[in-house]
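Data block below; observations after.
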Amino acid sequence: MLEKDIEKVLVTQEEIREIASKLGKELTQEYQDKFPLVVGLLNGCVPFMGVLLGEMDMHLEVGFMDVSSYHGGIESSGDVKILKDLEISVHNRHILLAEDIVDTGRTIKVIRELLLYRGAASVKVVTLLDKPTGRVVEFVPDYIGKTIPKEFVVGFGLDYEEKYRNLPYVGVLKPEVYNK
Ligand code: IMP
C-alpha cells in the first residue's frame, strides 16, 4: 500500500543492515569501556536505534529526547524545541547521539552543545543518513551510515507529515504525494 507512493528506493533494507553492522563494530571499539549513554532523538531514531544497538557489544544505557525542528512539512523551520528531555544526568557521561538524518545540522548541533554545557564528558553523533549539501551550520557527524543527495526522503523512521516512518527502507516520494 505504501509502496505505490514511492518513486525510488534510496537505501534498501539489506543496505541498512550492512550499515548498522559496520557502524556497530566501530562503536563497539570506541565505547568498549566507556559505558556510553546512547541518546536517540525521537521519533525518527527508533528503527535505526533498534538495529544499531543490537550491533553494539558492550554495556550501555539508552535514553531519548524529543526535539522538533520540522513541523510536519518538508522545510526546516530553523526552530529547535525540546519536547521531551532526558531523565538521566549526562554529567561526566560519554554520550552517543543517534539521529536518522542530518540535514541543515541545526537540530543536532544545538543538542550536542546543550549536552556539553550540561557536563557530558564527550558527545559524538551517529547518523543513518547525512545530507551535507543541506547544511546551514557547520557540522560533521562522527559516524555516518550513508551520504545522500539533497532530496527529501521517507522511511525507516523518516516521515512526511508523520507518515511513512514504518517503511522498511528509505525512499523518495512521488511528487504528486506532496500535492494531495
Ligand atoms: P536538521 O536540523 O535540518 O539537520 O534536521 C534534522 C531533522 O529534520 C531530522 O531528524 C528529521 O526529523 C528531519 N529531516 C531532515 N531531512 C529530512 C528528510 O529528508 N526526510 C524526513 N525528515 C527529514
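The values are calculated or read from the model by the stated rules, or taken from the named source; none is laboratory data. Owing to the predicted nature of the structure, the values given are computational and were not obtained by experimental measurement. Every residue, glycine among them, receives a Cβ derived from its backbone with ideal geometry; neighbour counts consider all protein chains shown. We work out accessible area using only protein heavy atoms, side chains counted, and drop any ligands, DNA or RNA first. Shrake-Rupley method; radii C 1.70, N 1.55, O 1.52, S 1.80 Å.
Per-residue answers, yes or no, for (1) more than 25 Å from Val51 (Cα to Cα); (2) among the polar types (S, T, N, Q); (3) at pLDDT 95 or above:
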position	(1), (2), (3)
Asp85	no, no, yes
His91	yes, no, yes
Ile95	no, no, yes
Lys109	no, no, no
Leu114	yes, no, no
Lys124	no, no, yes
Leu129	no, no, yes
Val136	yes, no, no
Pro141	no, no, yes
- Which number in (1) free of Cβ contacts under 8 Å to residues at least 24 places away in the same chain; (2) part of a loop (DSSP other than H, G, I, E, B) marks the one condition that Thr133 misses? (2)
- Query: If you check every pair at least six apart or on different chains, which have Cβ atoms under 9 Å apart with a residue in the stretch 93-112 that is assigned to a helix (DSSP H, G or I) first and a residue that is more than 8 Å from the ligand (Cβ to nearest atom) and acidic (Asp, Glu) second?
  - Reply: Arg106/Asp79; Lys109/Glu138
- Looking at the stretch 79-107, which of its residues are open to solvent by less than 30 Å² (accessible area, probe 1.4 Å) and more than 8 Å from the ligand (Cβ to nearest atom)? Leu86, Val90, Ile95, Leu96, Leu97, Ala98
- Task: Return a yes/no flag: does the stretch 114-124 have any residue that is outside any loop (DSSP other than H, G, I, E, B), open to solvent by 30 Å² or more (accessible area, probe 1.4 Å) and within 8 Å of the ligand (Cβ to nearest atom).
- Result: no
- Tally, over the stretch 153-180, of residues that are surrounded by fewer than 17 Cβ atoms within 10 Å (Cβ to Cβ) and of a type in the set (Phe, Trp, Tyr): 1
- Message: Quick test of your reading of the structure: Lys131 fulfils all but one of (1) in contact with a strand residue (DSSP E or B) (Cβ under 8 Å, 6 or more places away or on another chain); (2) among the basic types (Lys, Arg); (3) open to solvent by 60 Å² or more (accessible area, probe 1.4 Å). Name the failing condition by number.
- Response: (3)
- Output the number of the condition that Pro149 fails; it satisfies all remaining conditions of (1) open to solvent by 20 Å² or more (accessible area, probe 1.4 Å); (2) in a loop (DSSP other than H, G, I, E, B); (3) within 11 Å of the ligand (Cβ to nearest atom); (4) more than 27 Å from Leu2 (Cβ to Cβ). (4)
- Query: Can you name the residue in the stretch 156-180 that is free of Cβ contacts under 8 Å to residues at least 60 places away in the same chain and outside any loop (DSSP other than H, G, I, E, B) and is also farthest from Glu15 (Cα to Cα) among such residues?
  - Reply: Glu176
- Single unsatisfied condition, Pro36 versus (1) within 13 Å of the ligand (Cβ to nearest atom); (2) farther than 25 Å from Thr12 by Cβ; (3) touching a residue at least 60 places away in the same chain (Cβ under 8 Å): (1)
- Taking only pairs six or more apart or across chains, which ones have beta-carbon atoms under 9 Å, a first residue in the stretch 1-16 that is more than 24 Å from Met49 (Cα to Cα), and a second residue that is open to solvent by less than 90 Å² (accessible area, probe 1.4 Å) and assigned to a loop (DSSP other than H, G, I, E, B)? Lys4/Lys174; Asp5/Tyr164; Asp5/Lys174; Glu7/Lys174
